[in-house]
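Before any comments, here is the structure.
We did not get these values from a lab; they are worked out from the coordinates using the rules stated. Given the structure is predicted, the values throughout are model-derived calculations rather than measurements. Here the Cβ is made from the backbone with ideal geometry for all residues, glycine too, and neighbour counts use every protein chain on show.
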Amino acid sequence: MKTYIALFRGINVGGNNVLPMKDLVALLGNMGSKNVRTYIQSGNAVFEHAEKNTSQLSSEIRVAINENHGFEPEVFVLELAEIERAIRSNPFPEAESEPKTLHLYFLASEPNNPDLGVLESIKSDDEQFALKDGVFYLHAPEGIGRSKLAANTEKVLGVATTGRNWRTVCKVMAMANEHS
C-alpha cells in the first residue's frame, strides 16, 4: 500500500457539486483504500491504496464519484514525495508565517508554453509568483479574492489546476506522514 493525497477541484463550493466528506471516505474505502482521512470540506483526502498509477487512480475516483453523486470533478492524486517536494521548494519562505497568503496550485500536467510575461503583467505590485516542478506558487499578501493573477493563472498556463493555501498543504502533509 502506498500513501496518496487526493486534491479535489470544485467540490462543495457555493452549494455546487456537493460531496460530504463522510461519503468521500466511504467511496474511497469501497474502492480499496485504507486509512482514509479528509481535511476540510473543499476536498482533501489522504489514504493508502495498492494502485501504483496515479493517473489510473484519479480516473477511477472521478468515475466512482460520477456514478454515485452525478458529477465528475477533477481529481489530482499526488504521491507523498510530490507534496514533500512542493513544500521544500517553496520560493517564498517569508510568506509561511501568514499561511493564508501563500497558495500552491498543483497542475494536471506541465504547461507546454506558459506565458509568464502575461502573468507578470497582470499581477499586483505586492504579489509574487513562481512556476517550479509542476507547482505554481502564488504569494498574495492582500489575498486572492480580488487577485487578477489568481483568477487568470489556469487560463494563461493552459492546464487544469487546483490551489491550496500553505496551511492546507502542510496539514495534509502532516496527515500523510502519520501513516507513511
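Residues being more than 14 Å from the chain's Cα centre (by Cα) and within 22 Å of ILE144 (Cβ to Cβ) are entirely absent from segment 55-71. Within segment 115-139, work out how many residues are touching a Lys or Arg at 6+ places or on another chain (Cβ under 7 Å) and in a loop (DSSP other than H, G, I, E, B). Of the residues in segment 115-139, 1 are touching a Lys or Arg at 6+ places or on another chain (Cβ under 7 Å) and in a loop (DSSP other than H, G, I, E, B). Residues that are touching a Pro at 6+ places or on another chain (Cβ under 9 Å) number at least 1 in the following helices (runs of 4 or more DSSP H) confined to segment 1-114: 54-69. Looking at this structure, is LYS123 out of contact with any Leu (no Cβ under 8 Å at 6 or more places or on another chain) and either surrounded by fewer than 20 Cβ atoms within 10 Å (Cβ to Cβ) or not aliphatic (A, V, I, L, M) (or both)? The answer is no for LYS123.
When GLU82, GLU60, GLU94 are checked against the criterion of being in contact with a Gly (Cβ under 8 Å, 6 or more places away or on another chain), among the acidic types (Asp, Glu) and either over 28 Å from ASN16 (Cβ atoms) or surrounded by 14 or more Cβ atoms within 10 Å (Cβ to Cβ) (or both), a single residue qualifies: GLU82.
Scan segment 106-122 and report the pairs whose first residue is in contact (Cβ under 8 Å) with a residue 60 or more places away in the chain and whose second residue is of a type in the set (A, V, I, L, M, F, W, C) and surrounded by 14 or more Cβ atoms within 10 Å (Cβ to Cβ), with Cβ atoms within less than 7 Å and a gap of 6+ or a chain change. Close Cβ pairs (under 7 Å, with a partner that is of a type in the set (A, V, I, L, M, F, W, C) and surrounded by 14 or more Cβ atoms within 10 Å (Cβ to Cβ)) amount to PHE106/LEU7; PHE106/PHE76; PHE106/LEU78; PHE106/VAL135.
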